[in-house]
């Protein structure tokens, strides 16, 4: 996975420590439980609408290619 940030953000200093935990299939941080909706990338607009309205118990929308 590649990531790029052109501005310095408060969390930048923790990225190297946290990213491996987020990517770990064992999900030690419990981030997979936050995903409530998976939507194809082509339907991104609908995903943003669901998230904004918090409809259907939405916590996190994941867009899939």
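The values are calculated or read from the model by the stated rules, or taken from the named source; none is laboratory data. All figures in this text were calculated on a predicted structure; none of them were measured in a lab. Cβ placement follows ideal geometry from the backbone for every residue including glycine, while neighbour counts extend to all protein chains displayed.
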List the residue pairs whose Cβ atoms are under 7 Å apart, where the first residue sits in the stretch 44-60 and is more than 18 Å from residue 32 (Cα to Cα), the second is in a helix (DSSP H, G or I), and the two are 6 or more positions apart or on different chains. 50/56
Looking at the stretch 44-61, which of its residues are in contact with a strand residue (DSSP E or B) (Cβ under 8 Å, 6 or more places away or on another chain) and assigned to a helix (DSSP H, G or I)? 44, 46, 47, 48, 50, 51, 56
Has the stretch 45-56 got any residue that is surrounded by 12 or more Cβ atoms within 10 Å (Cβ to Cβ), at positive phi and at pLDDT 85 or above? no
